[in-house]
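Written below as structure tokens is the structure these notes are about.
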Amino acid sequence: MWFRPEREAPPTAGMPLGMADLGGEVRAPLTALAAQWLGVEETQLECSGTAAFTVALTALSGHARNRREVIIPAFTCPLVPLAIRRAGLEPRLVDLRPGHFDMDPERLAAACGEQTLAIVPTHLGGRTADVTTASAIAAATGAYVIEDAAQALGATLDGRAAGTHGDVGFYSLAAGKGLSIFEGGLLVARDDAVRDSIRRTGRRIAGWHPGWELRRTVELAGYTALYRPRGLALAYGNPLRRALRRGDLLGAAGEYFDVNFPLHRVGRWRRAVGARAFHRLAPFIASTTAQARARLPALTSIPGVHAFSDDGGTWPYLMLLMPDEATRDAVLQRLWASRHGVSRMFVHALPDYPYLGTMAGGDDVPNARDFARRTLTVTNSPWLDDASFEHVCAVIEATVVARPGQNQPGAMNGWSSAVA
Ligand SMILES: *Cc1c(COP(=O)(O)O)cnc(C)c1O
């Protein structure tokens, strides 16, 4: 072929699919393989992580009809409040701990009450959240705990799978999130009765929709073909760069989400693809974990940069907190469009997405806004080679040393000491 696109790293370490995943024998169903691996009796497959969350909320709200609020961190995926509303409930936002992605425990306790149906501790970017504290606060008021483990399939917390500590947990099988069937979500529930009602609710609100399933089938085939270093420019990089040229940050981050997201059954072919690929997930996580552990020191050694880390998490990307917004933006200016897998998690704190409208608690989330302004991500895809990773570190370090946030009259002392 005369045209050969440049190599491009994806923003997250998704596990690539191969042609062999698309056909052939299936030894065990995807849901059974996932249950065995997670150490639970049963998992339930829905058409997305968002759909899984919607099904869980709809089921749980039937058990506690006077509880209408669901507590979520003020910095998370915008699909999360959309799912809450789709289930006929209201999101209540809780601010983060300063300089952290997890909810502030005191604010969480203050927000939780008799009106609270569930608290949603959220494992972001493979890093695990404090489910123990959330569970204690929930127990004191009779609320459920739903773990958002969308970005943490395969992570462990206190020796057990993240997502299995609360009453309910869900995982995403979306494109780029570890194991993917292009769009999909897995649900787990601790209690037999809850599991039963979630299963019935899933059948009721997510029935067959051949049009959606056909579309996802084509998309999964396209993903299999293009999720590779020389396919990603077409599928991901070029649209990203077009959005950045337009100054369209939500488009660049892929955050124009539809209120009317689909709810439908996942077809047999896509289930089989996930089942065939499943045996590669644990080794893929082991190797990306080893890569992340080897690369973290280069990032943590940059003064003023915080790289999040824990013992049992997975590593789709390395999550960084920069000293200030100007420095973060200067790094993104140089790297977001550069094919090195540097990106942003979520562009805004939830109250700052115009399409979400107002939400309870949204007027007081300074730490979530600060986190949104200072965070960036470096892919942990195996396709980002060592030389490219070193380049990324060098750009971050040079940018931090230049201190664009301080580069103004009156800040000269800080400037000269940083250069010295
Ligand atoms: C992606 C994501 C979701 C939604 O999962 P989908 O499978 O994309 O619907 C929910 N929560 C978080 C934190 C996510 O990153």
Within the accessible area of the chain (1.4 Å probe), percent carbon and sulfur: 53
Long-range amide H partners of L96 with built H, under 5 Å: A74, D104, N367, A368
Cut-off of 10 Å, at most 12 other beta carbons, DSSP loop: longest stretch of the chain lacking such chymotrypsin sites (Phe, Trp or Tyr not before Pro): 4-207
The chain - accessible surface per residue (Å², probe 1.4 Å): 42
Built amide H within the under 5 Å cut-off of Y317, gap 5+: A13, N380
3J(HN,Hα) from dihedral phi, segment 388-400, Karplus parametrisation 6.51/-1.76/1.60, rounded to Hz, x for glycine, proline: 5, 4, 5, 4, 4, 4, 5, 5, 4, 4, 4, 5, 5
Accessible-area ranking of E8, E397, largest first, probe 1.4 Å: E397, E8
Globularity index of the chain, i.e. its alpha-carbon radius of gyration over 2.2 N^0.38 Å: 0.97
Histogram of C-alpha separations across segment 280-419, 5 Å bin width, %: 2, 9, 17, 19, 17, 14, 11, 7, 3, 1, 0, 0
Karplus 3J(HN,Hα) series, Hz, for segment 270-285 with 6.51 cos²θ - 1.76 cosθ + 1.60 (x for Gly, Pro): 5, 4, 5, 4, x, 5, 5, 7, 4, 5, 8, 5, 4, x, 5, 5
Cα gyration tensor shape for segment 1-151, rounded if a/c is under 1.5, else prolate or oblate: prolate
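The values are calculated or read from the model by the stated rules, or taken from the named source; none is laboratory data. Values in this document were obtained by computation on a predicted structure and should not be read as measured data. Here Cβ is always computed from backbone atoms with ideal geometry, including for glycine, and neighbour counts include all displayed protein chains. Calculation scope for accessible area: heavy atoms of the full protein, side chains included, ligands and nucleic acids excluded. Shrake-Rupley method; radii C 1.70, N 1.55, O 1.52, S 1.80 Å.
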